[in-house]
1. Principal axis extents for the stretch 40-129, Cα atoms only, whole Å, descending order, please.
2. Among Val53, Val137, which comes first, then next, by fewest other beta-carbon atoms within 10 Å?
3. Which of Lys18/Lys132; Lys18/Lys125; Lys62/Lys84 have a Cα-Cα distance over 22 Å?
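Rule-based calculations on the coordinates, nothing more; no lab input. Bear in mind the structure is a predicted one, so any value in this text is a computation, not a measurement. Ideal geometry is used to build each Cβ from the backbone, glycine not excepted, and the neighbour counts take in all protein chains shown.
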Amino acid sequence: MEKQIKENSDEMPGGSGKTRSCMRCGLIFHYTGSGHLICPNCREADMKDFDRVREYLYDHQKSNIAEISEGTGVSVDIIESFLKGGRMEIPNDSDVFIRCERCNKEIRSGRFCASCAAELTAEMKQALNFDKAQIGVEPERKGKMHYKKREK
């Protein structure tokens with residue numbers, strides 16, 4: 001089944017957040033604004049999959065993705081998502097790595113190598129045309145909450 005809605009700007013009744021389509025199963029769910037875009041059912045399955053992979057790696061540290069998948073029953077795509085999400089890292093002495101999505105350089109985890117990430121950041125700043133006036137000052141977080149006086 002084709003994934004339906006990526007984002008719906010309509011607020012869910014009775015609370016904050018928006019409806020989203022789960023990246024893993026396609027189910028539409030109430031997204032609270034934190035974490036990955038996966039529904040509660042898939043989030044639980046994701047945690048179980050991650051735990052199985054982690055436990056497997058304790059005893060089989062030199063395994064490649066295909067061996068991990070076969071040994072745990074967790075799909076290669078899910079294991080790659082753990083690597084791309086930075087939740088797992090390939091050891092330095094491995095023969096096989098994942099690749100930067102931009103330049104194809106070998107990387108241990110994530111989506112981009114350090115140089116591509118720096119270039120993308122610079123390109124984004126340039127595209128957004130930031131100047132100092134657009135960068136907000138962070139509050140000092142001192143004192144207690146108070147109410148502003150109403151203007152009459």
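1. Principal-axis extents of the Cα atoms in the stretch 40-129, largest first: 48, 36, 16 Å.
2. In order of increasing Cβ crowding within 10 Å: Val137, Val53.
3. Lys18/Lys132; Lys18/Lys125
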